């Protein structure tokens, strides 16, 4: 079974076991293009709230990562909506290390796109949109972003497929690529050999729920992204167009049953009462063949073509109804309940949540003789045992593992889990950005900085 895995929030620190995925090498000319693109790619650090998986426990504040790219020198940034969804605080890190707080200008959950704004007091390098409609299978492409929290990671590959549909939205038209897209790449650009953005990295496919890249990555085409971002940036922009019907693919069997001329197009499966399609006397079973004289091959192509029409626009549909051809006119309406804004928490609610003691993503336990034996720990090691590490936690991102031992927290030796919790609370009360912990593992001892406030993002 295919599994579509969103990439922005949950930074997994392992790759799918047994998989060997190699991107193609980059030649000198391509390297020069990459060098031009990199300064406009950003890493995104997010504090967000995650519902607890334990009944009765409050939501947890977790730190997650993603990518984005600058599309205007004033600091306008494109990313995925799922990167900033439920965000309490969003920070952007430029390639030169500059960090800036970001404001969410708008978000579109249906297309999984969002737009941010930062102000660093200077003009920034930016990227331009390319023509994703001109892409062909086999064309070379590149991806770049904060994959596995490794900033500015670049991969090269080809377009493996076009117009991929995974049922995420009525507009699905993903670009498939074998250029590496890992966790943390969400929102980063896919660009062509001219350095133009032809897609926005969004997801990977892996049969394992938390698996890594195995050669199948997906990106939102630039043609869709550009349209959506333009709407999000313009508060006066009209909502997407809507006709009020549900569509499904035409199969050869259905084409024969319904008397259509070809096994492409779209069948109406439902019509919204009193919607534009209903007013145009369209019915379930009608097969859409053309819109304004253009033949379209699948339901998503029709939905995209309708969405870009302004409300009030009259469109002309060529349909087949049980073997007979008809021309129908329908007036496009605004998409109902369209809400381009949102995607992050703001105001008092966010401030209150940021006051909560951060969950550093580990379960702690007293280190006794039984635990020493279980994890093969030396008798001289003392401290607090790390009994469990959340896969999507910051501690996990930093390489902390089950069986490690916290020996010192913020300069003080620890003996119990309460000692560690106390150190976290005290650091937060003192408005520190980081908590320094000394962790012992089988490979030795090392200091690990755990971020505990939005200032450290």
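Values quoted throughout were computed directly from the atomic coordinates according to the rules given, and no laboratory measurement underlies them. Every value quoted in this text rests on a predicted model; they were computed, and no experiment measured them. Note that we place each Cβ from the backbone using ideal geometry, even for glycine, and neighbour counts take in every protein chain shown.
Some observations on this one:
- Inter-site label distance for residue 373 and residue 431 at 7 Å from Cα along Cβ, in nm: 5.1
- Each eigenvalue of the Cα gyration tensor of the stretch 89-223, multiplied by 5 and square-rooted, gives one semi-axis; in descending order these are 24, 17, 16 Å.
- Computed over the stretch 241-334, the ratio Rg/Rh where both radii use C-alpha atoms and Rh is Kirkwood: 0.93
- When the square roots of the Cα gyration tensor eigenvalues are ordered a ≥ b ≥ c, the ratio a/c for the stretch 147-262 is 1.5 or more and a/b does not exceed b/c, which makes its shape oblate.
- By average C-beta atoms within 10 angstrom, highest first, the peptides 376-384, 400-408, 38-46: 38-46, 400-408, 376-384
- For the pair the stretch 158-217 and the stretch 232-299, the centres of their Cα atoms are 27 angstrom apart.
- At 1.002 mPa s and 20 °C, Stokes D of the stretch 133-182 from Kirkwood alpha-carbon radius, µm² per second: 180
- Inter-probe distance in nm under a simple model that places probes 7 Å from Cα toward Cβ, at residue 234 and residue 29: 3.7
- Burial ranking of peptide ranges 187-200, 140-153, 290-303 (average Cβ count within 10 Å, highest at the top): 187-200, 140-153, 290-303
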